[in-house]
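These notes are about the structure you will find just below.
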Amino acid sequence: MDLAYFENFTFTIAFGLYVVAAILFLLFLSKLSKKVEKPALIATSAGVLFHTIAMVFRTIGAGRLPLSNQYEFAMSFAWGIIVCFIVLYVIYKFAAIGSFVLPLAILVMGYAAMQSKTIKPLMPALQSYWLTFHVGTAILSYGSFALSCALAVIYLIDVKRPEGKSILKDREISDMLAYRVIVFGQLMLTVVIISGAIWAQKAWSRYWAWDPKETWSLITWIIYAIYLHLRLRRNWRGKPAAWFAIIGFASVIFTFIGVNILLPSLHSYVT
């Protein structure tokens, strides 16, 4: 059984289904047809199913969860974005966000497809149960922040639209949901940083070394902490809050991709 072939095959099917879903969600958003909402959700659900199968094949082939290099993390990151979207839809029935989330997941999967898929043995420092916990919570955190960014974009678009042509009946819905998603993402990012420090102490006998990845994770945490502080203390919302959510996600993307490309880091082999 050629696991690599089946992994690539199911990955490609998932990618194609996400493209179809993105197109359908854009039709839904443009209000050309309300009948495409259900097909869009079906395509998204089928895509995440094949995406999960691809990750299972990768797990079997590597003998571990797919969390240890840029290809694997990007694959898992895109999966986390879609899963977070599905959970949000199940709770709030907010389909419009799919028009922004699906293209983002497609871009992340495209980035994954450009990375090396070679399976290499883990270095001793990574051979720990902390890998699953640390990177797993990072996927949940990053996926949540991706959703908050999409919600912020929807809010900013709605603010500029005339009455009657807004994406949402009540634009404050996206503002409120962005806040709730950021609360969860910040909680997960806190766990990421703490678990990373504990893992570093066990692996290298130090909790913190100001490695670029550590530093930018902290910068991202501070950005969202400021957002939450201003939101709670000064009832800060609307356009400033939306732009802050977008800036925070830009920091997330730089932490994930920019650091690995531009800055030498101990984390270059991982997220």
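Every number here is computed from the coordinates shown, using simple stated rules; none is lab data. Quick caveat, the model's predicted, so the values are computed rather than measured. Every residue, glycine among them, receives a Cβ derived from its backbone with ideal geometry; neighbour counts consider all protein chains shown.
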### Calculated [θ] (222 nm, deg cm²/dmol) that DSSP helices of n ≥ 4 give over the chain, each run adding -39,500 (n - 2.57)
-25500 deg cm²/dmol
### Task
Rounded to whole Hz and in sequence order, give me ³J(HN,Hα) for the stretch 15-26 from the Karplus expression 6.51 cos²θ - 1.76 cosθ + 1.60, θ = phi - 60°, writing x for Gly and Pro.
4, x, 5, 5, 5, 4, 4, 4, 4, 5, 5, 5
### Query
FRET efficiency for residue 234 and residue 91, Cβ-Cβ distance as r, R0 = 41 Å, nearest 0.05?
0.90
### Query
How many percent of Cα pairs in the stretch 94-158 exceed 20 Å?
49
### Task
Starting from the Cα of residue 122, step 7 Å along the direction of its Cβ; do the same at residue 23; then give the gap between the two resulting points in nm.
4.0
### Percent of alpha-carbon pairs separated by more than 22 Å within the chain
57
### Query
Using mean Cβ contacts within 10 Å as the protection proxy, how do 193-202, 94-103, 142-151, 112-121 order, highest first?
142-151, 94-103, 193-202, 112-121
### Query
Looking at this model, which pairs from 34/160; 93/117; 120/213; 117/213; 35/239 are more than 25 angstrom apart at the alpha-carbon?
93/117; 35/239
## Note on the structure
On the formula 1/(1 + (r/R0)^6), with r taken between the Cβ atoms of residue 56 and residue 34 and R0 of 51 Å, the FRET efficiency rounded to 0.05 is 0.90
